[in-house]
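The values are calculated or read from the model by the stated rules, or taken from the named source; none is laboratory data. Quick caveat, the model's predicted, so the values are computed rather than measured. Don't worry about glycine lacking a Cβ; one is built from the backbone with ideal geometry, like all the others, and counts go over all protein chains shown. Heads up: the accessible areas ignore ligands, DNA and RNA and are worked out on the full protein's heavy atoms, side chains in. Shrake-Rupley method; radii C 1.70, N 1.55, O 1.52, S 1.80 Å.
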Amino acid sequence: MELVVDSGVKKMEGEAMRKNQTLICAPIMADSVDQMLILMQKAKTSGADLVEVRVDSLKSFNPRPDIDTLIKQCPLPTLFTYRPTWEGGQYAGDEMSRLDALRLAMELGADYIDVELKAIDEFNNALHGNKSEKCKLIVSSHNYESTPSAEDLGNLVARIQASGADIVKFATTAQDITDVARVFQITVHSQVPIIAMVMGEKGLMSRILCPKFGGYLTFGTLEMGKVSAPGQPTVEDLLNLYNFRQLGPDTKIFGIIGKPVSHSKSPLLYNESFRSVGFNGVFMHLLVDDIANFFRTYSSLDFAGFSCTIPHKEAALDCCAEIDPTAKAIGAVNCIIRRPDGKLFGCNTDYIGAISAIEEGLQGSQPSISGSPLAGKLFVVIGAGGAGKAIAYGAKEKGARVVIANRTYERARELAIVVGAEALSLDELSNFHPENDMILANTTSIGMQPKVDDTPISKEALKHYSLVFDAVYTPKITRLLREAQESGAKIVTGVEMFIGQAYEQYERFTGLPAPKELFKNIMSTY
């Protein structure tokens with residue numbers, strides 16, 4: 001079936017033209033009505049379309065005056081939710097009082113009320129057919145354990161519809177990112193307005209891609225970490241990071257596949273670059289456990305291109321129908337493009353980004369007169385994973401003498417044989433200094449947030465290196481780089497590699513030249 005989304009474009013107050021009608025709802029959770037009123041103003045300012053008043057978060061609640069105040073003084077349309085503990089909320093009191101409060105909200109002018117599927121029969125009986133015309137009834141179901149099969153989800157939607165819902169709502173939990181595909185399938189085929197979310201970090205794309213698949217609304221929190229359900233992005237990120245208003249049925253999906261992945265700045269870089277040229281794409285974090293399963297599930301042309309990071313760079317090779325010869329030689333890919341025939345093409349831009357950044361660091365402002373400044377240098381690579389392979393290969397290609405150091409010597413030795421290098425265990429590295437002016441490249445996640453106090457090598461050993469590079473870029477200056485600088489070495493940060501490898505990826509994703517100055521500007525704050 002065709003994906004159908006209302007394509008009417010209308011100008012919203014104080015914002016650019018929007019390409020979709022999917023709403024952003026900001027949950028309002030506070031101890032008092034006065035605090036809620038402040039948050040409602042914040043929601044308006046942030047660009048939300050409506051607020052969800054979470055009555056169950058109030059420490060004291062006097063239904064008639066409080067609901068009346070909240071409705072009359074709210075600058076946005078209101079959705080009232082009074083979530084009981086048995087459905088994941090905070091209300092543990094009498095059920096009739098709870099349902100009475102929701103009926104009162106309907107009567108006093110709320111735009112929406114949310115009633116749980118388990119309570120809807122009781123609610124409908126008490127209404128006696130006196131349902132407000134203005135107020136839309138959302139009937140909801142929440143599953144905090146898993147995401148059922150597509151068949152079970154279809155049956156759930158049918159039950160919610162049959163209960164008299166104006167809008168169907170269900171939220172499930174992602175045990176794997178592939179669970180989201182079943183929810184997209186239900187959303188896109190729904191004949192009634194539908195709110196369908198998958199909770200948790202692995203469900204993030206269900207919240208961002210609502211406009212593409214025809215969801216009625218998504219939830220965006222006003223403050224990072226203060227969420228009404230796991231995995232909620234902020235309103236600010238929806239609007240300014242993911243360009244939510246510009247997404248539609250034709251939007252191409254891109255993302256960074258990794259585990260962990262939430263630290264990556266790739267969505268910031270690519271989404272801002274997409275927006276700057278009006279490219280119809282969105283780039284997201286994709287927390288993936290099994291990359292082969294991910295590609296089997298998301299096989300449509302809509303899923304157009306991917307960056308690939310730890311720990312999937314080597315496993316990604318087996319998922320590609322065609323692999324660039326350099327990536328094949330390295331044995332790892334970090335960029336995957338879906339071709340028009342649906343098959344995957346893999347390449348490696350890591351080594352280009354890292355090696356060019358290291359060469360620039362060695363040359364300083366002096367251009368190289370002949371060949372690479374890496375030629376003849378002793379180049380120590382920490383790590384034998386995908387990035388380690390790429391950088392070892394790139395350094396060898398430039399004429400460097402390469403040494404691989406890894407926690408497990410056996411892996412270092414395997415890579416050393418392939419590349420034509422020496423191998424060491426990481427424990428041996430601090431005592432390894434056959435000469436001075438060596439180059440060190442850390443390609444592991446040692447020192448990455450949150451373990452910022454970790455470093456792969458002692459400070460004492462760093463005095464033998466003229467340049468130290470760290471592929472980690474969160475934080476930008478790792479302990480390794482700080483100690484290298486203190487030891488007199490030049491340093492090259494992971495940000496420089498990140499920008500360098502992103503140029504080619506952007507061009508492969510979009511078919512457009514990379515906006516190099518924009519990339520540098522975006523990343524200059526990191």
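Remark: the stretch 17-27, residue by residue, has Karplus-estimated 3J(HN,Hα) of 4, 9, 9, 9, 9, 5, 8, 10, 10, 9, x Hz, where x stands for each Gly or Pro and the curve is 6.51 cos²θ - 1.76 cosθ + 1.60 at θ = phi - 60°. Across the accessible surface of the stretch 149-277, with the other protein chains kept in place and a 1.4 Å probe, carbon and sulfur atoms take up 50 percent.
Per residue, the chain exposes an accessible area of 41 Å² to a 1.4 Å probe, with every protein chain left in place. With respect to the chain, whose longest principal axis is taken over its alpha-carbon atoms, helix 150-162 is tilted by about 30°. For the stretch 45-146, the alpha carbon convex hull comes to 119 Å³ per residue, rounded to a whole number.
Compared with the dominant principal axis of the Cα atoms in the chain, helix 63-73 is inclined by about 60°. As a fraction of the 1.4 Å probe accessible area of the stretch 362-487, surface on carbon and sulfur atoms comes out at 47 percent. Contact order, relative form, for the stretch 196-242: 37 percent (alpha carbon pairs under 8 Å, 6 or more residues apart, mean separation divided by residue count).
Backbone amide hydrogens, once placed in the peptide plane, bring Phe219 within less than 5 Å of Cys25, excluding anything fewer than 5 places away on its chain.
Per-residue 3J(HN,Hα) values for the stretch 302-319, derived from phi via the Karplus relation 6.51 cos²θ - 1.76 cosθ + 1.60 with θ = phi - 60°, read 4, 8, 8, x, 9, 8, 9, 10, 3, x, 9, 5, 7, 5, 5, 3, 5, 8 Hz in sequence order (x marks Gly and Pro).
In order along the stretch 84-92, phi translates into HN-Hα couplings of x, 4, 6, 10, x, x, 10, 7, 10 Hz, rounded to whole numbers, per the Karplus curve 6.51 cos²θ - 1.76 cosθ + 1.60 with θ = phi - 60° and x for Gly and Pro. When only Cα pairs below 8 angstrom with a gap of at least 6 residues are kept, the stretch 406-471 shows a relative contact order of 33 percent.
Out of the trypsin sites (Lys or Arg not before Pro) in the stretch 61-153, which ones are loop residues according to DSSP with at most 12 other C-beta atoms within 10 Å? Before the final figure, lay out each step's value.
Numbers: sites: Lys72, Arg98, Arg103, Lys118, Lys131, Lys134, Lys136; in loops: Lys131, Lys134.
In loop regions of the stretch 61-153 (DSSP not H, G, I, E or B), the sparsely surrounded trypsin sites (Lys or Arg not before Pro) are Lys134.
Each peptide among 485-494, 147-156 gets the average number of other Cβ atoms lying within 10 Å of its residues, and from highest to lowest they stand as 485-494, 147-156. Rounded to the nearest 10 degrees, the inclination of helix 494-510 to the longest alpha-carbon principal axis of the chain is 70 degrees.
Under a 5 Å amide H cut-off, with hydrogens placed 1.01 Å from N, Thr147 pairs with Thr173, Gln175 among residues at least 5 apart or on other chains.
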